[in-house]
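Encoded as structure tokens, the structure appears first; notes follow it.
The values are calculated or read from the model by the stated rules, or taken from the named source; none is laboratory data. In this text the structure is predicted, and so the values were computed from the model without any measurement. Note that we place each Cβ from the backbone using ideal geometry, even for glycine, and neighbour counts take in every protein chain shown.
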Amino acid sequence: MAKSKIIAVVGPTASGKTALSIELAKRFNGEVISADSRQVYRGLDIGSGKVTEEEMQGIPHHLIDIADISYRYTGADFVRDAKAAIKDITSRGKVPIIAGGTFFYLDLLRGKINAAEVEPNLELQAELEKLTTEELFQKLTLADSARAATIEPSNRRRLIRALEIIETLGSVPPPTTTESDYEWLIFGIDIDKETLNARIEERMLTRLKDGMREEVEKLLEGGVSAERLVDFGLEYRFLTRNIQKEIPYEVMTEKLFTKIKQFAKRQRTWLKRDTEIIWKPFPVTIEKLEPQVTAFLAN
């Protein structure tokens, strides 16, 4: 049986993945699947860069606004939901196009790595949320030093998820690969550092102007804990700290800009090791991709 064909668009944050995926969907009868660990949550809109209805240009988008902030959405959740979306899209004769900055999710779906099938433990999560990030990392180091060596010490979500898995399995299983259920065509947006940094700064300032700080204030007023918002990183972490008067606004914007640039650098490092990505120089137009996409879909 022939495998379903999937197109994916990758690249560092602010490189134009969303816009390009929509143009691909318009040209090739596609629908977009978001691979973003924050856009799955209802209420995380401006800070996560969630695509607006106007920006969608009538193209259906999947895996956006599907989880409550109180739920800890996992990589295993994404694989399950993405496979369901792919089945739905292809059953209607359309092309799934995946875009988003959580490349860990994409690698899981491609079979590059496999997530442990461990159900969320809400009671354990509540207990772990009481610990500081440093305490979580220390706890993980004691429980599974091998996993601790491969995780960012400040990533509370990954730390808590690892401790959940350890609680059930005793340790985090080592990464394994499996053959993908799908045939892939993956385009990477190759953008130079100076241009990317300028786009990151412009986007950050635009989001602040468009009410990103007010969004975080509304979430806090609506009962979302500061700890939970800090957990979402970057914009949500620094705006929460500013609202709580831990850092002045000007210092917050400076630090946030630096952290987003560092995040983009880590994304580049993650992607550059992937030999299956076809890199295209920024700005990427449909005309640059059309021959390869047409040939891919025709085979």
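Values computed for the structure shown
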{"quantity": "Condition met for Glu123 (within 24 Å of Arg158 (Cα to Cα), over 16 Å from the mean Cα position of the chain (by Cα) and without any contact (Cβ under 8 Å) to a residue 12 or more places away in the chain)", "calculated": "yes"}
{"quantity": "Identity of the residue in the stretch 139-172, charged (D, E, K, R) and in contact with an Asp or Glu (Cβ under 8 Å, 6 or more places away or on another chain), that ends up surrounded by the fewest Cβ atoms within 10 Å (Cβ to Cβ)", "calculated": "Arg157"}
{"quantity": "Residue, nearest to Leu220 (Cα to Cα), within the stretch 230-270, restricted to residues that are assigned by TED's automatic domain parsing to the domain that holds Arg199 and among the hydroxyl-bearing types (Ser, Thr, Tyr)", "calculated": "Thr240"}
{"quantity": "Residue tally, condition polar (S, T, N, Q) and under 16 Å from Ile7 (Cβ atoms), over the stretch 61-108", "calculated": "1"}
{"quantity": "Filtered residues of the stretch 288-299 (kept if out of contact with any helix residue (DSSP H, G or I) (no Cβ under 9 Å at 6 or more places or on another chain) and either among the basic types (Lys, Arg) or modelled with pLDDT of 95 or more (or both))", "calculated": "Lys288, Pro291, Gln292, Thr294, Ala295, Phe296, Leu297"}
{"quantity": "Any hit, the stretch 119-128, residues being within 30 Å of Thr258 (Cα to Cα) and buried (at least 18 other Cβ atoms within 10 Å of the Cβ)", "calculated": "yes"}
{"quantity": "Selection status of Glu135, assigned to a helix (DSSP H, G or I) and either in contact with a helix residue (DSSP H, G or I) (Cβ under 9 Å, 6 or more places away or on another chain) or without any contact (Cβ under 8 Å) to a residue 40 or more places away in the chain (or both)", "calculated": "yes"}
{"quantity": "Hits in the stretch 145-167 - residues which are in contact (Cβ under 8 Å) with a residue 40 or more places away in the chain and within 27 Å of Ala85 (Cβ to Cβ)", "calculated": "Asn155, Arg157, Ile160, Arg161, Glu164, Ile165"}
{"quantity": "Exclusive hit being without any contact (Cβ under 8 Å) to a residue 12 or more places away in the chain, over 30 Å from Lys94 (Cβ atoms) and of a type in the set (Ser, Thr, Tyr), set Thr269, Thr275", "calculated": "Thr269"}
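Listed here are the residues, each with its yes/no results for (1) among the hydroxyl-bearing types (Ser, Thr, Tyr); (2) modelled with pLDDT under 95; (3) closer than 23 Å to Arg27 by Cα.
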| position | (1), (2), (3) |
| --- | --- |
| Ile64 | no, no, yes |
| Arg72 | no, yes, no |
| Gly75 | no, yes, no |
| Thr90 | yes, no, yes |
| Gly101 | no, yes, yes |
| Asn121 | no, yes, no |
| Ala143 | no, yes, no |
| Ala148 | no, yes, no |
